[in-house]
Amino acid sequence: MRTDEPRRGADHNVMREVNRSLVLALVKEGGPVSRASIARSTTLAKPTVSAIVDELIAEGLVREIGPGSTAVSGGRPPILLEFNARSLLVVGVHIGARRTTIAIGDATGEEVARRELPTPKDQTPAVVLAQVAAEAKDAIAGAGLPGAKIAAVGAVLPGLTDFHTGICLLAPNLGWRDVPVRDLLAAALDDAPVYVHNAGQAAAVAENLEGAGERVGDLALLYTGTGLSAGVLSDGRVFHGVGGTAGEIGHNAVPGNTEPCNCGKVGCLETVASGPAIVRAARRAGLDGYDARDVTAAARAGDPVARQVIAEVGEHLGLAASWLINAYNPALVVVGGGLAAIGELLMAPLRAAAAKHALAPALRGVEIRASKLGADAEVRGAVLLALQHSETYYRVVFRA
Ligand SMILES: [Zn+2]
């Protein structure tokens with residue numbers, strides 16, 4: 001019936017998209033493969049496979065690499081296909097309080113170029129983002145991927161971000177509030193899709209895929225540095241929440257704590273579990289004029305006062321870890337951000353406090369590890385998030 005046609009048309013388009021992504025995934029993950037073996041594994045008709053492959057070849061995503069060694073039938077060996085990783089590129093941008101890093105990756109996420117610059121000071125967000133975009137374009141031009149187009153951009157910021165709108169809600173270290181990062185970067189980068197995340201989310205994805213996470217899908221990363229936040233992954237994907245602020249545990253109040261916080265409230269966890277918290281605790285303990293690095297160095301040299309200061313902050317971070325463990329029941333908690341580099345002097349009291357505060361059933365089987373990627377986690381996360389978002393993602397559910 002004619003009235004059915006629009007709906008059938010829509011279904012047809014969806015099927016086409018699904019088939020296309022199936023074929024592309026097979027070439028990408030299982031290549032080199034022949035058209036016939038794609039047809040066998042997908043149970044798609046050979047002409048359907050051929051039409052899709054022709055389209056992918058025309059777009060440069062797939063290329064023919066010549067005949068295979070033998071044919072099963074004893075006939076002519078089939079032409080093999082492989083994914084062309086250099087046909088697309090992704091841009092990862094991490095704007096830190098002091099330094100900005102831009103990494104260009106190919107369609108597998110392998111880095112082909114990187115730029116680092118001091119984060120421009122005393123400039124409007126629009127000027128900073130325009131400089132970042134210009135630097136990214138320059139890096140792309142020098143990366144030697146002629147014809148490759150930007151599949152996606154991952155932009156990572158030190159503060160509150162709303163993934164859904166692409167707005168940086170608040171980044172006190174940059175002095176940014178309600179900055180439309182997605183729209184500004186997209187306008188400067190050929191209207192490529194831009195995905196905005198905070199540093200904790202990016203570090204969680206990077207550690208999961210390339211660092212301490214070892215690809216466990218349910219992972220929580222405690223991001224500690226100037227402030228404290230968390231990136232939570234569910235089945236390998238960032239858990240955002242409706243306004244994009246899921247994981248901002250640094251501003252949960254600690255009973256009895258009266259320290260004023262940058263957010264305007266009093267007694268927030270990050271005032272006792274962060275880099276500045278180490279400096280304040282050191283000052284209270286008589287270590288005047290010490291920054292967090294000085295305290296760490298003194299603790300490593302065996303200074304009992306400095307060790308106690310680090311242990312105290314570690315205990316507060318352990319309390320934060322217990323919140324994550326109780327709330328999300330992850331398989332793994334990774335401690336990332338600047339403070340992770342302190343190592344066991346921080347991690348041992350952190351683990352002990354987490355074990356003390358978390359519910360026993362929630363804690364069962366949970367591991368707590370320090371970051372492996374260190375200062376590289378944020379920009380790698382930016383690249384990997386761009387890649388994740390650029391890949392069409394279908395979940396096929398079979399019902400009996
Ligand atoms: Zn606060």
task: Could you grab the relative contact order for the chain? Cα pairs under 8 Å, six or more apart, rounded to a whole percent.
output: 14 percent
message: Given R₀ = 35 Å, what would the calculated FRET efficiency be for residue 301 paired with residue 280, taking r from the Cβ atoms and rounding to 0.05?
response: 0.95
Least to most buried among 274, 21, 234 (fewest other Cβ within 10 Å first): 234, 21, 274
field: Cα-based reach from residue 121 at 13 Å (exclusive), listing aspartates and glutamates while leaving out same-chain residues under 8 positions away
entry: none
message: Using a Cα-Cα cut-off of under 23 Å, which lysines could be cross-linked to residue 28, ignoring same-chain neighbours fewer than 8 residues away?
response: 46, 149
- prompt: Which aspartates and glutamates have a Cα lying under 20 Å from the Cα of residue 372, excluding residues fewer than 8 positions away in the same chain?
  reply: 110, 111, 207, 210, 214, 218, 344
- prompt: Residue by residue through segment 144-159, which ³J(HN,Hα) values in whole Hz follow from phi under the Karplus form 6.51 cos²θ - 1.76 cosθ + 1.60 (θ = phi - 60°), with glycine and proline marked x?
  reply: x, 10, x, x, 5, 10, 6, 7, 6, 10, x, 10, 10, 10, x, x
field: Descending Cα extents along the principal axes, the chain, whole Å
entry: 82, 51, 50
statement: Of the residues 325, 336, 232, the Cα lying farthest along the dipole of segment 216-371 towards its positive end, which is defined by charges on the beta carbon of Lys, Arg, Asp and Glu, belongs to 325
query: Once you charge only the Cβ atoms, +1 for Lys and Arg and -1 for Asp and Glu, what is the size of the charge dipole of segment 216-371 about its Cα centre, to the nearest 20 debye?
result: 140 debye
- prompt: D for segment 11-83, whole µm²/s, Stokes-Einstein with Kirkwood Rh over alpha-carbon pairs at 25 °C and 0.890 mPa s: what number?
  reply: 198 µm²/s
query: In whole angstrom, how far apart do the alpha carbon centroids of segment 71-136 and segment 9-68 sit?
result: 25 Å
- prompt: Which order do 117, 287, 160 fall in if you start with the one that has the fewest other Cβ atoms within 10 Å?
  reply: 117, 287, 160
query: Share of antiparallel DSSP beta bridges in the chain, in percent to the nearest 5?
result: 65 percent
- prompt: Fewest to most neighbouring Cβ within 10 Å: what's the order for 91, 179?
  reply: 179, 91
- request: Determine the gain in length on full extension of the stretch residue 187-residue 111; use 0.36 nm per residue of separation and subtract their C-alpha separation, reporting nm with one decimal.
  value: 25.0 nm
message: Net charge within 15 Å of residue 206 by Cβ-Cβ distance, Lys/Arg positive one each and Asp/Glu negative one each, not counting residue 206 itself?
response: -1
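Every number in this text was worked out from the coordinates using simple rules, so none of it is lab data. In this text the structure is predicted, and so the values were computed from the model without any measurement. Positions of Cβ are generated from backbone atoms using ideal geometry, with glycine treated the same way; all protein chains shown enter the neighbour counts.
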